[in-house]
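What follows is a single structure, written as structure tokens, with notes after it.
Each value in this text was obtained by applying a stated rule to the coordinates, not by laboratory testing. Owing to the predicted nature of the structure, the values given are computational and were not obtained by experimental measurement. Cβ placement follows ideal geometry from the backbone for every residue including glycine, while neighbour counts extend to all protein chains displayed.
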Amino acid sequence: AQSVSQHNHHVILSEAASLELGCNYSYGGTVNLFWYVQYPGQHLQLLLKYFSGDPLVKGIKGFEAEFIKSKFSFNLRKPSVQWSDTAEYFCAVNAPMGGYQKVTFGTGTKLQVIP
Amino acid sequence: EAQVTQNPRYLITVTGKKLTVTCSQNMNHEYMSWYRQDPGLGLRQIYYSMNVEVTDKGDVPEGYKVSRKEKRNFPLILESPSPNQTSLYFCASSLGQGGHNEQFFGPGTRLTVL
């Protein structure tokens, strides 16, 4: 079964610090990868996605992620975080399984940015 | 405005009292899904639907039912709720099941079962 690991459960950073959140998945075939963000009290929103082409994808609000196939990773980065980036971040994988596409989410990483 | 709506947003109920959480999308999406979100466990899929009258179990379907009689609606039914179903529930939809389709999420329903 496919799985998604987000090893950082809770990250605390000061404003202007750089961010990298890890995401590793277990699936050997073609995958589609997503990062979603959930601001406090809100629903999940798409930050960025990768399904083909340039492995470095850029999303909204200055976020980017790099797909490294050999490492089964899709880490999220931002060079300089802001207080408004405080949120929970979810990595998700969409891959074929048993004749249909299955979406699996990681357990999430809570980011707290201190002003 | 393109959106996924859920009702109610908050619900407190008692064990065994049947309830329904509604979900509706106005984007003509084929694929709809229900998730529950629990601390430390992330989002887990309960049921999904690839189109009208086509539904299937996700990872944690026990204790839940769904139906998809119309494309826009995908209600979640708890026939006999139990305290372990206390959770935050999200409905989501996407254009199709294709792998690159992003999901659009509703605002969530916080359910407490006493």
**Request:** May I ask you to derive the relative contact order of chain B, considering only C-alpha pairs under 8 Å and at least 6 residues apart, and to give it as an integer percent?
**Result:** 36
**Asked** Which ³J(HN,Hα) values in Hz, rounded to whole numbers, follow from the phi angles of segment B:63-68 under the Karplus curve 6.51 cos²θ - 1.76 cosθ + 1.60, where θ = phi - 60° and Gly and Pro get x?
**Response** x, 10, 9, 9, 8, 9
**Asked** For the pair A:Y100 and B:S67, what calculated FRET efficiency results from E = 1/(1 + (r/R0)^6), where r is the Cβ-Cβ distance and R0 = 25 Å, to the nearest 0.05?
**Response** 0.85
**Prompt:** Which net charge results for the neighbourhood of A:Q82, defined as the other residues with beta-carbon distances under 13 angstrom from its beta-carbon, given Lys and Arg at +1 and Asp and Glu at -1?
**Reply:** 0
**Item:** Dipole of chain B, positive direction: furthest Cα of B:T13, B:P75, B:L41, with charges on the beta-carbon
**Value:** B:T13
**Request:** Report, by chain and number, residues whose modeled amide H sits under 5 Å from the one on A:L47, excluding near sequence neighbours (fewer than 5 apart, same chain).
**Result:** A:W35, A:Y36, A:V37
**Message:** Using the crude model of +1 on Lys and Arg Cβ and -1 on Asp and Glu Cβ, and no other charge, please compute the dipole size for chain A relative to its Cα centre, in debye to 20.
**Reply:** 220
**Fill in**
Taking alpha-carbon centroids only, segment B:1-70 lies from segment A:1-58 a number of Å equal to 23
**Item:** Exercise: per-residue mean of other protein chain Cβ atoms within 10 Å, B:104-111
**Value:** 3
**Request:** Report, by chain and number, residues whose modeled amide H sits under 5 Å from the one on A:G108, excluding near sequence neighbours (fewer than 5 apart, same chain).
**Result:** A:Q6, A:C91
**Request:** Scan around A:M97 for amide H atoms under 5 Å from its own, H built in the peptide plane at 1.01 Å from N, and keep only partners 5 or more places away or cross-chain.
**Result:** A:K102
**Prompt:** Do you know the relative contact order of chain A, to the nearest whole percent, from alpha carbon pairs under 8 angstrom that are 6+ apart?
**Reply:** 37
**Complete:** The FRET efficiency for B:D59 and A:I60, from their Cβ-Cβ distance with R0 = 35 Å and rounded to 0.05, is 0.80
**Asked** What is segment B:75-114's relative contact order, in percent, from Cα pairs under 8 angstrom and six or more apart in sequence?
**Response** 49
**Prompt:** Which whole-Hz ³J(HN,Hα) couplings does segment A:74-90 yield from phi under the Karplus relation 6.51 cos²θ - 1.76 cosθ + 1.60, θ = phi - 60°, glycine and proline marked x?
**Reply:** 8, 7, 9, 9, 8, x, 8, 7, 10, 4, 6, 7, 4, 4, 10, 10, 10
**Prompt:** What are the ³J(HN,Hα) values, in whole Hz, obtained from phi via the Karplus relation 6.51 cos²θ - 1.76 cosθ + 1.60 with θ = phi - 60°, for each residue of segment B:76-93 in sequence order, with x given for Gly and Pro?
**Reply:** 10, 10, 10, 5, 9, x, 10, x, 6, 9, 5, 5, 9, 10, 10, 9, 9, 9
